[in-house]
Amino acid sequence: MADAARQFADRYGREPDGVWYAPGRVNLIGEHTDYNEGFALPFAISAGICVAAAARDDGAIALSSAQHGDGTVIVPVDALAPGRPDGWAAYPAGVAWALLSAGHRVGGASLAIDADLAAGAGLSSSAALECAAGLAFADLNQLALSRPELAALGRRAENDFVGAPTGLMDQLAVLLCQAGHALLLDCRTGAGTAVPLDPAAAGLVLLIIDTRVQHELTEGGYGARRRACEDAARVLGARSLRDITDVSVLDQLGDRVLRSRARHVVTENRRVIDTAELLRTGQLSEVGTLLTASHASLRDDFAVSWPEADTAVETAIAAGAHGARMTGGGFGGSVIALAPAAAAAAVSAAVAARFTRQGWRPPVIVPVKPSQSARRLL
Ligand code: GLA
């Protein structure tokens with residue numbers, strides 16, 4: 001990844017003005033709560049995306065990516081519009097467009113992108129790309145933007161340029177997390193509070209199990225869940241499902257599907273608060289039960305898990321994990337498992353063997369450590 005600067009020199013025949021980095025994130029718990037103004041508890045991981053960039057004087061944005069072949073996408077800044085460019089280039093270009101739409105001056109720039117974070121694995125490669133590009137554009141154009149402002153611009157790019165109707169959790173996680181901590185997000189106010197999360201110090205490990213099933217948030221499932229939540233809140237006369245804390249209120253929902261979707265959100269908000277409290281009081285291994293309960297709720301009530309995730313969760317727990325759950329938007333991506341450090345190898349081996357028996361692609365299983373947020377490297 002330090003190669004972003006070299007890649008830049010190869011592609012554009014000069015040194016970059018700087019290199020910016022943004023990490024991926026794992027959401028420990030609090031799934032599909034952000035767009036319901038609820039709570040989430042993500043942390044940044046040590047894999048991410050690097051953007052080497054320099055200003056250019058022809059008023060165009062040029063984009064190249066080590067993960068997307070030898071071509072360079074070039075679009076004049078004043079021709080940026082949803083759909084132009086599309087594909088991977090829409091994420092960084094969308095941030096330049098969002099900055100322009102918010103009234104900021106954005107000059108031409110060349111960007112070379114390099115990642116050690118898998119796309120479509122539920123680890124927020126899209127937010128990492130938006131935020132690394134956003135920091136680069138802000139510095140190159142000398143824009144004084146706060147991190148919450150940058151997060152909102154990244155979300156705008158994703159919602160209105162890329163066309164994925166996501167919430168704000170990922171961008172806030174990528175820009176605000178601290179090493180050794182998770183970030184308790186109140187998605188109504190946007191406020192984040194660092195909560196200690198140091199699995200190694202507790203003799204534990206957090207494993208990411210990439211199930212190798214790719215997901216796309218621009219496909220219909222995510223948007224349909226979001227609409228169901230909004231419908232449920234409307235029927236209940238609430239501003240958002242955040243305002244419902246008593247599950248018995250949900251009996252007022254005549255529609256069985258809306259009731260299940262809303263029950264996930266209401267119970268998940270509670271689990272996030274309980275998890276943060278356990279972390280604050282040094283009871284990390286107790287969090288396992290809440291992770292597993294979150295998975296069951298996402299599988300049964302919210303219906304966004306997928307067979308490989310259900311199997312990974314079940315197998316990890318049978319092999320000694322304290323708990324496990326899918327992480328991210330669902331329909332593909334990764335599972336996280338919390339296990340005693342001594343059981344990590346057995347958990348990984350059991351999940352890998354089970355996938356082989358099922359005839360599925362081998363999962364990629366790695367330990368993760370809560371890491372630092374986005375920053376300028378050079
Ligand atoms: C995706 C979205 C987030 C959030 C999660 C589900 O990661 O980008 O905004 O809604 O799904 O918790």
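Observations
- Local electrostatic count at residue 42 - Lys and Arg +1, Asp and Glu -1, tallied over other residues with Cβ under 12 Å: -2
- Loop trypsin sites (Lys or Arg not before Pro), region 222-260 (other Cβ atoms within 10 Å of the site Cβ: 12 or fewer; DSSP): 239
- Net dipole in debye of region 152-231 [+1 Lys, Arg Cβ; -1 Asp, Glu Cβ; about Cα centre; nearest 20]: 80
- Gyration tensor (alpha-carbon) shape descriptor, region 197-368, a/c threshold 1.5: oblate
- Ranking 360, 20 by solvent-accessible area of protein heavy atoms (1.4 Å probe, all protein chains present), from largest to smallest, gives 360, 20.
- Cα-based shape type of region 154-270, given that a ≥ b ≥ c are square roots of the gyration tensor eigenvalues and the cut on a/c is 1.5: prolate
- Based on alpha-carbon atoms, the Kirkwood radius and the radius of gyration of region 6-56 give Rg/Rh equal to 1.25.
- If you model region 2-193 as an ellipsoid using its alpha carbon gyration tensor, with each semi-axis the square root of five times an eigenvalue, the axes come out at 27, 18, 14 Å, biggest first.
- Rolling a 1.4 Å probe across all protein chains gives residue 143 an accessible area of roughly 30 Å².
- Placing +1 on each Lys and Arg Cβ and -1 on each Asp and Glu Cβ, with no other charges, gives the chain a dipole about its Cα centre of roughly 340 debye.
- Each of the peptides 42-48, 290-296 was scored by the mean count of other Cβ atoms within 10 Å over its residues; in descending order, highest first, they stand as 42-48, 290-296.
- Values of log10 I(q)/I(0), in the order q = 0.17, 0.30 Å⁻¹, for region 217-267 under a Debye, Cα-only, solvent-free model: -0.44, -1.20
- Separation of alpha-carbon centers, region 150-196 and region 8-23, rounded to whole Å: 25
- For region 244-330, the convex hull drawn through the C-alpha positions has a volume of 93 cubic angstrom per residue.
- Computed over region 86-141, Cα set: Rg, Dmax in Å: 11.6, 34
- In this rough spin-label picture, where each label sits 7 Å from Cα along the Cβ direction, the residue 267-residue 139 distance is 4.6 nm.
- Distance between the pseudo-spin-label points of residue 245 and residue 376 (7 Å out from Cα toward the beta carbon): 4.3 nm.
- In this structure residue 68 has an accessible area near 100 Å², from a 1.4 Å probe over the protein heavy atoms.
- Remark: accessible surface ordering of 12, 35 (largest first) is 12, 35, probe radius 1.4 Å.
- C-alpha center-to-center spacing [region 276-290, region 321-347] in angstrom: 15
- Multiplying the residue separation of residue 17 and residue 179 by 0.36 nm and subtracting their alpha-carbon distance yields 55.6 nm.
- The value obtained for region 104-196, namely the Cα convex hull volume divided by the number of residues, is 122 Å³ per residue.
- Kirkwood Rh, angstrom, the chain [1 / mean 1/r, Cα pairs]: 21.0
The values are calculated or read from the model by the stated rules, or taken from the named source; none is laboratory data. As the structure is a prediction and not an experimental result, all values here were calculated from the model. Glycine gets a Cβ as well: all are built from the backbone with ideal geometry, and neighbour counts include every protein chain shown. Just the protein is used for accessible areas: all its heavy atoms, side chains included, with ligands, DNA and RNA removed. Shrake-Rupley method; radii C 1.70, N 1.55, O 1.52, S 1.80 Å.
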